[in-house]
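Okay, structure first, notes after.
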Amino acid sequence: MKLIKIDKKSLKEGIDKLKRTYGVFGPVREKDEFEFKALGAAEMPDFSFSNTRMSPKAIVYPQTQLMFTYSLNDADDDCRILKEVPMDERPRAVIGIRPCDALAFPLVRRNFDTPEYQDTFWVKAYEATTFVGLACNVPCGTCFCTSAGTSPFGKEGLDVLLVEDGDDLFAEALTPKGEALLETAGWTAEAGGGAEEKITALAATANEQISSTVAFDNIKNREILELYNAPFWEEEGFSCINCGTCTYVCPTCWCFDIQDETYGKSGVRMRNWDTCMSPLFTLHASGHNPRTKKVERVRQRFMHKLKYYVDKYDNGIQCVGCGRCVRLCPVNIDIRSICNKMNNFDSEACKCETASS
Ligand code: SF4
Ligand code: SF4
């Protein structure tokens, strides 16, 4: 493993060099929270964060994305012809993304970039991005990444992994994109002996601090209808207020809605993040709505992440264990307990209980 040592005092110099080639994004403090933002000329990423409130998915998949423009003016030659809005395809670098959020990109890629279908907006933005991770030396109490496919020092989805060690950072390039970024920043000084051992010790300490776990090993073997009809959905869905917070903050939620907005004789077609927690999400043009009840929408969110996705891709759950939805749900609905309930559900015992009551 080739490790580079970066003195934090020289971080600004390297990031200034990166800004000449890349659009650079990083975590910045916004009142009491942190968010990923495009860094201005004088701005630096602030590494004193646990994780951001919103995930950095918007860097690749904006909350609102203009796709096409059109004219409704019959005098125009291109009247009623959709014209693609040019994308910003310049290279961009995300500095300080946490390993859980980085893993979310290859996970959602299974939806946006398939052999049959490619979402060119997502794919072009993803391919233009270099992901520079920051290992979590001190994970949050709600993190459960170690049972969701990664870990505080996980590398999947990253081009570079940075590890903080006092006044220094260690950097490991994980891909050619990552090597190019380190070269561009001028971060080339090899770390001396002992760096690898230090990182191993920091990783072990971080892993020990993850206190939340989820189990999903039984979910794949269960019949869909067995879980779909489980009685615990009423209880879980009762307190949900359908605010959609859990889906908007989630790095692995990918649903969107496409809308046209016209202004006089011209218009734009855009896509906006949508949420399966909204009753309008499944409203058909006919007026029929297959999920009118709140409990049906709550069940859909968890069945999609923990059962339908698991069955379709056979590659873990559609969750990276970032804990945002656990922290931010206003009524404390907790994916960890729901996952464990789904995993341990015993429909036979349930039938017996119903029969004897
Ligand atoms: S954040 Fe909580 S209350 Fe809001 S939609 Fe999600 S589960 Fe329901
Ligand atoms: S479902 Fe919750 S814990 Fe899992 S990735 Fe989404 S926000 Fe994070």
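Key figures
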{"item": "Hey, Pro176 at pLDDT below 95, on the phi < 0 side of the Ramachandran plot and surrounded by fewer than 22 Cβ atoms within 10 Å (Cβ to Cβ) or not", "result": "no"}
{"item": "Helices (runs of 4 or more DSSP H) contained entirely in the range 200-298, each with at least 3 residues that are within 30 Å of Phe153 (Cβ to Cβ)", "result": "245-249"}
{"item": "Only one of Val132, Val138, Val163, Val94 that is closer than 21 Å to Phe34 by Cα and surrounded by fewer than 20 Cβ atoms within 10 Å (Cβ to Cβ)", "result": "Val138"}
{"item": "Residue, nearest to ligand 1 (Cβ to nearest atom), within the range 269-295, restricted to residues that are over 22 Å from Ser239 (Cβ atoms), of a type in the set (A, V, I, L, M, F, W, C) and surrounded by fewer than 17 Cβ atoms within 10 Å (Cβ to Cβ)", "result": "Leu283"}
{"item": "Whichever residue in the range 296-328 is within 11 Å of ligand 1 (Cβ to nearest atom) and either aliphatic (A, V, I, L, M) or in the same structural domain as Cys136 (by TED's automatic domain parsing) (or both) and, among such residues, is farthest from Lys57 (Cα to Cα)", "result": "Val298"}
{"item": "Top-ranked residue in the range 35-76 [being among the charged types (D, E, K, R) and within 25 Å of Ile258 (Cβ to Cβ); ranked as surrounded by the fewest Cβ atoms within 10 Å (Cβ to Cβ)]", "result": "Asp74"}
{"item": "Neighbours by Cβ (under 7 Å, 6+ apart or cross-chain): first from the range 82-101, under 17 Å from Tyr61 (Cα atoms) and assigned by TED's automatic domain parsing to the domain that holds Ser147; second part of a loop (DSSP other than H, G, I, E, B) and among the aromatic types (Phe, Trp, Tyr)", "result": "Pro91/Tyr22; Arg92/Tyr22; Ala93/Tyr22"}
{"item": "Any hit, the range 148-170, residues being away from ligand 1 (no atom under 16 Å from the Cβ), assigned to a helix (DSSP H, G or I) and more than 30 Å from Asn272 (Cα to Cα)", "result": "no"}
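The values are calculated or read from the model by the stated rules, or taken from the named source; none is laboratory data. Note that this is a predicted model, so its numbers are computed, not measured. A quick note on method: Cβ atoms are made from the backbone with ideal geometry, for glycine too, and the neighbour counts reach across all protein chains shown.
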